[in-house]
Structure formats: structure tokens, C-alpha cells
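Read through the structure below, which is laid out as C-alpha cells, and then see the notes.
Rule-based calculations on the coordinates, nothing more; no lab input. These numbers come from a predicted model, not from an experiment. Glycine gets a Cβ as well: all are built from the backbone with ideal geometry, and neighbour counts include every protein chain shown.
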Amino acid sequence: MVSQSGGRGKPDGKPKDIVVFSITKDATCDECGEELWSGDLLRVVEGTAHCMACADLGHLVYLPSGDAALTRRASKHSALRAVVVRWSRSRKRYERQGILVEEAALAQAEEECLSDAGLRAARRAREAEGREKRDEAFVRAFAQAIRSRYPTAPAGAEVPIAEHACQKYSGRVGRSAAAKALEPAAIDPAVGAAVRHRWTRYDELLMAGWDRNEARAEVWADVATVLDSWRGGGG
């Protein structure tokens, strides 16, 4: 007999899940005496261990976790079902491994998932397209804010600066909260970085082995001159 325990239904309330354990140690069914090995399933009721046959769950099939839609539908269609858990030694807790459901319920769930797989794929594509459009709109707005703040910058210079600064997952200044608010605190560093790399000797100095901070100090005056001219000379 093992010390693991399972849930029981309440006659006057909502039933609890039937819990089945994927055991980590060899055990024995207290009802029929069948030997159970590590990885086998058993149910424990009031301290008594039962194999799947003695627990009247032997006709159910195992559906591992991983596909939320399939699990949800199989669970809905199965009149009898159980949750399979296993003890995690590293996390010191029971973790859900999957469910046991009737074979017909699983087959029905699989058919339903196959029939609407195309619909789910289309929805994911629409959502991705929407995210892409929102991101493109943000880059355009950021470019417009650069042009407004630096009106005499070379024609079109604001576009690659905005695209670089706002590149997704880059962690650059264009992804910050200040950038989303189109604040100068995000616009100025983005423009300054572009000027430093493209309109000064900064990259040449780096290639020549200069320290990054020393190279920045060396071209600081040149960057300031370019930025002042892009602002229209207004400082």
C-alpha cells in the first residue's frame, strides 16, 4: 500500500476530479494483489491502493498533456475521466501529466480538432498580421516624430533610424515606454546613435581598436554638430 491519496466526490456538492497517480516506486494493488511498477497507474481511496482494473478505470485511455484543445474536448465528451499526476522530486509536488478518458471521447475530440485545424491556423495568421500592422504603424509614428524633431535631416533618414530603433525583441530604445509615448527621451538617443555610426568616424575608430567610450568622446562634438544642423540650427 502507498501513502498517496486521491480525491472523492461529494454527494451534495460539485464532484472533485478523480486523481490517478503515475507511481514513482513499485507498489501492489490492495484489492487483487497485482504488482505495479514505477510508471504504472493507481488510484488511492481512503488509503487503499487500486490498480486501474480494480478502480473500474481500466477501459480509459491516456491522453498526455500538451494539446489544450484536444484535452478540453476529450474531457468534455468523456462521461468518466481522471487526472493523472506524478510526484516531482525536484519541485517537491505533484504535477499533472495528462488525463484518462473514454476511447470514443478521445476519437471524437481528435476529429473535431482536425476539422477546425485550418480555422485555428487562419486565426493565428490574422492575429500575427494584426500585430505586424500595429508594429508597422508604431515605426511610422516614430519616424514622423523624428522628422518633426529634426526637420532638416536628410530626406528619408528618419525611416531606417526608426526601423532600427524599434526592431522587435531588440531591447533598443525604440521599444521603451518613452518611445511608445514618442518622447524626446527615446527619440534623441536613437537619432544620436544613428549619427554616431553613419555620419562620424566612430565605426572606423572601433575598427582601429579604440575603446568604445573613448571613441564616443572623440566624435561627441561631430555628433552634436550634426544634430544641431538637423534641428535647423535652433539648438
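Here are a few things to note about the model shown:
- Exposure proxy ranking, count of Cβ atoms within 10 Å, fewest first, for VAL101, VAL219: VAL219, VAL101
- THR48 long-range amide H proximity, modeled H, under 5 Å: none
- Modelled this way, with points 7 Å down the Cα-to-C-beta line, the labels at ALA141 and GLU183 are 1.5 nm from one another.
- Amide hydrogen neighbours beyond the local backbone of ALA27, cut-off 5 Å, H modeled: LEU36, TRP37
- Full extension of the segment from HIS164 to ALA125, taken as 0.36 nm per residue of separation minus the current Cα-Cα distance, would add 11.6 nm.
- Here THR152 and GLU204 are evaluated by their C-beta separation; at R0 = 30 Å the FRET efficiency comes out at 0.70.
- As a rough footprinting exposure proxy, the listed residues LEU36, LEU70, LEU63 were ranked by other beta carbons within 10 Å of their own, and the order from fewest upward is LEU70, LEU36, LEU63.
- 3J(HN,Hα) along region 27-37, derived from phi through the Karplus expression 6.51 cos²θ - 1.76 cosθ + 1.60 where θ = phi - 60°, amounts to 8, 9, 5, 6, 9, 10, x, 5, 7, 10, 9 Hz, with x in place of Gly and Pro.
- With the convex hull constructed from alpha-carbon coordinates only, region 19-115 shows a mean projected area of 6.6 nm² over all directions.
- Length released on extending from ALA53 to SER38, taking residue separation times 0.36 nm less the Cα-Cα span: 3.7 nm
- Two-site label geometry, GLU214 and ALA69: point separation in nm, points 7 Å out along Cα→Cβ: 6.0
- FRET efficiency estimate (nearest 0.05) - Cβ-Cβ, THR28 to LEU80, R0 22 angstrom: 0.35
- Neighbour counting of Cβ atoms within 10 Å sorts the residues LEU100, LEU182, fewest neighbours leading, into LEU182, LEU100.
- Residues listed by number, region 83-106, amide nitrogen under 16 Å from CYS113 label point at 7 Å toward C-beta: 84, 97-106
- Long-range HN-HN contacts of VAL84 with modeled amide H, under 5 Å: VAL20, GLN97, GLY98, ILE99, LEU100
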